[in-house]
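The values are calculated or read from the model by the stated rules, or taken from the named source; none is laboratory data. Quick caveat: nothing in here was measured; it's all calculated off a predicted structure. Cβ placement follows ideal geometry from the backbone for every residue including glycine, while neighbour counts extend to all protein chains displayed. In case anyone asks, the SASA skips ligands and DNA or RNA and just uses the protein heavy atoms, side chains included. Shrake-Rupley method; radii C 1.70, N 1.55, O 1.52, S 1.80 Å.
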Amino acid sequence: MEKGRGDEDQWVHDSSIDYKGRTPIRSSTGVWKASLFIIAIEFSERLSYFGLSVNLIIYLTKFLRYEVKDAAKSANCWLGVTTLLAPVGGFVADAYLGRFATVLFSSLVYVLGLSLLTMSQLVPGLKPNTSLKLHTTIFFTAMYLISIGTGGHKPSLESFGADQFDDDHPTERRLKLSFFNWWNLGLCSGLLLGVTVIVYLEDTLGYGLATIILTFIMLLNLLIFLLGRPFYRFRIPQGSPLTPLFHTFAAAVANRHLSLPSTADQLYEIQNSNRFLRHTDKFRFLDKAAIFEKNQQSKRGSPATRSPPPVFELPPASVYALGAVAMIISVAFYEKLLVPFLKRATGNERGISLLKRIGTGMAFSIVGMVTAAIVERKRLRVAEAEQAMTLSMSVFWLVPQFMVLGLGDGFTIVGLQEYFYDQMPDSMKSIGIALYLSVIGAGSFLSSFVITLVDHVTGKTGKGSWFAKELNDSRLDLFYWLLAAINGVNLGVYLFVARRYSYKSVQRRVGVPAGSVEIDCGGAMEEP
């Protein structure tokens, strides 16, 4: 008994490893000797983030000559992208890179962004009073690099700090509660100094000095973070968390006809960790995923001896994330780089009109469907050559079409949202948004109808339906070509109608003591 307790005090058995890949020694790794290094880099990241973000609108209006509304929109866009990148960073850290590697990579990107920001302030040819256009491009490139750095830091660093405490050890479990207090102290200290000292330096001595200080502090704390590597406890990434989730749902559906055992201890439990969630009576339908009949076990082999999926296996559904990433890139590129250029070229405050933006996105959708058709035809040829259900083609063949469609959504979706809001009367703004949502819903229903119609028609040709039971017997490439053609016709009709569309224009009445003054804004007057 005493020997077991001594072993528990000497070694850490919580599935973590040390920097050499061995079981960590408790006395020389983890707890405060490791977490203080982590708190230090969190301090520097929060110092930089708040030191730059709280003054962003002021900088845009004062140095980049933005109007206040445009500056607010740009700042909100930057904050939104920064926030949206956090789930991506957390997913990458937990599933693939690991938390230490994600923090390290994010810190390097952060330093790159700060260095570029410093160059834009100090290099004579890059200053705003020398070349405003070039300075604006470099400035926003630097700020979005900082967004990427923040997106990796926020979800990964705090969890990596908490990993330094063993929940199964009573002393370390109590210390872990104190860690979160000290963590927030470091965070708030960085915030406080960022919105006071750094902002003061920006306003009085210039942004150049402030960015030099922020870059130096981030580099110093990155070095401190790396010096702590021998003391850290690392967790090996387990692959995408979505994969077992989808497997669970699929197994539960497949076993829906089976009866649940009388007690939960008869359910199968994967023994890949010494820590697992306790069974509860909630979502009992999912318990059926853990039922194995004897005939199933004989076909599949013993469930405890099955090999885990590869760590870097990408779930098919995760490919949809590429479209979201592409849409973020599209919106950021449009807002920060394309709009300023188009404003000067066209004189339109939006850069291009709403309908042109929507039409551009529709053109992207045609390219996306053509790309999908080409890739699917390539997949069918590989299937014919290999005669196998599981092909050697990488899932990354799907990247181009999802990226193109995501770029198109950045034009079409955002354009539609703004159109249905902007072009409706003031008393019908909410209805306008509802109409926009209903259009998307109608498109989903129409898509189902097209699939049904195509399946019915092609099934009578004697060559088999384009939607066969087996994927390799289907002709989805022809269906994608059909969608490309439909989108082409749709774009032609859209251009015909759009060229004849008249944008809403208003005439405002401004009340004064002697009566009222009508301000002509280029159209028929709307009643107040």
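Figures for the structure shown
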read-out	value
Using alpha carbons only: equivalent-ellipsoid semi-axes of the range 39-120, gyration tensor based, whole Å	27, 15, 11
Protein accessible area in the range 70-127, 1.4 Å probe - carbon and sulfur %	78 percent
Convex hull of Cα atoms in the range 86-150, direction-averaged projection (nm²)	4.3 nm²
Derived scalar couplings ³J(HN,Hα) [the range 362-377; Karplus, 6.51 cos²θ - 1.76 cosθ + 1.60; whole Hz; x for Gly, Pro]	5, 5, 4, 5, 5, 4, x, 5, 4, 4, 4, 5, 5, 5, 5, 5
Accessible area in the full protein assembly, largest first, 1.4 Å probe, for LEU108, LEU258	LEU108, LEU258
Order by protection proxy (mean Cβ within 10 Å, highest first), peptides 376-382, 339-345	376-382, 339-345
Net +/- balance of residues flanking LEU117 in space, Cβ distance below 15 Å, scoring K and R +1, D and E -1	0
Net charge of neighbours whose Cβ lies under 15 Å from the Cβ of PRO87, counting Lys and Arg as +1 and Asp and Glu as -1	0
Computed accessible area, ASP473, all protein chains, 1.4 angstrom probe, square angstrom	100 Å²
Amide H partners (placed H, <5 Å) of ARG233, local residues excluded	GLY30
Set of the range 164-186 residues, backbone N closer than 17 Å to the point 7 Å along the Cα-Cβ line of LEU220	186
Separation between Cα centres of the range 38-99 and the range 130-194, rounded to whole Å	12 Å
Exposure ranking of LEU338, LEU84 by accessible area [1.4 Å probe, largest first]	LEU84, LEU338
Backbone HN-Hα couplings from phi across the range 487-500 [Karplus 6.51/-1.76/1.60, Hz, Gly and Pro as x]	5, x, 4, 4, 5, x, 5, 4, 5, 4, 6, 5, 5, 9
TYR503 accessible area, assembled protein chains, probe 1.4 Å, Å²	100 Å²
Cα-projected label distance for LEU446 with SER353, points at 7 Å along beta-carbon direction, nm	2.1 nm
Average accessible area per residue (Å²) across the range 110-156 - probe 1.4 Å, nucleic acids and ligands excluded	36 Å²
Volume of the Cα convex hull of the range 73-119, divided per residue and given in Å³	60 Å³
